[in-house]
Amino acid sequence: MERGEIHAGGGGLAEQAIPEEADELWPEDGDEHVGWFCVSTDPFPCPAPGCVFVATFMTAAHLVLVWEEQDDPNLLRHAQRAKEVGRNPRIVSYEVVFGPSASYYAWEAAGRPVHGVRGK
């Protein structure tokens, strides 16, 4: 995985579509995650029926998932999965302009909610 840069327009495209379950994962504006790491990807639509959100980062409940360490095994595993499905992943340093964020581990602790998609 190579480290990349984000260019203008790299953030989420439908900010108005942040679902309610995000409130539990995103109590603040994301400033505490600046400098953490996330996975930028080619654009991909939310799988929920009727949802117009298009993500350009690995997300959960429309929040950019972030990891504190660039070589976190879970970050690398998710980036590898994105590569396997053709999303052109790049590990980048998170910035608030990318959109609201959630720590990967806070997301896991909250039961891994995903907007509009029921868990198994």
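The values are calculated or read from the model by the stated rules, or taken from the named source; none is laboratory data. Because the structure is a prediction, the values reported are computed rather than measured. Ideal geometry is used to build each Cβ from the backbone, glycine not excepted, and the neighbour counts take in all protein chains shown.
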Among the residues listed as Ala60, Ala110, the single one being under 22 Å from Glu32 (Cα atoms) and either surrounded by fewer than 17 Cβ atoms within 10 Å (Cβ to Cβ) or modelled with pLDDT of 90 or more (or both): Ala110
List every residue pair whose Cβ atoms lie under 6 Å apart, where the two residues are 6 or more positions apart in sequence or sit on different chains, the first residue falls within the stretch 96-109 and is farther than 14 Å from Leu75 by Cβ, and the second residue, located anywhere, is buried (at least 20 other Cβ atoms within 10 Å of the Cβ) and among the β-branched types (Val, Ile, Thr). Phe98/Val64; Gly99/Val64
Val52 vs. criteria β-branched (Val, Ile, Thr), exposed (fewer than 13 other Cβ atoms within 10 Å of the Cβ) and modelled with pLDDT of 55 or more: yes
Could you list all residues from the stretch 68-82 that are in a loop (DSSP other than H, G, I, E, B) and crowded, with 16+ Cβ neighbours inside 10 Å? Asp72
Between Pro27, Pro19, Pro47, which is modelled with pLDDT under 95, part of a loop (DSSP other than H, G, I, E, B), surrounded by 14 or more Cβ atoms within 10 Å (Cβ to Cβ) and on the phi < 0 side of the Ramachandran plot? Pro19
Extreme residue, nearest to the chain's Cα centre (by Cα), among residues of the stretch 83-107 that are part of a loop (DSSP other than H, G, I, E, B) and surrounded by fewer than 17 Cβ atoms within 10 Å (Cβ to Cβ): Asn88
Please identify the pairs in which a residue from the stretch 68-94 that is farther than 14 Å from Tyr104 by Cβ and at pLDDT 95 or above has its Cβ atom under 9 Å from the Cβ atom of a residue that is assigned to a helix (DSSP H, G or I) and small (Gly, Ala, Ser), counting only partners at least 6 apart or on another chain. Asn88/Ala82; Pro89/Ala79; Pro89/Ala82; Arg90/Ala79
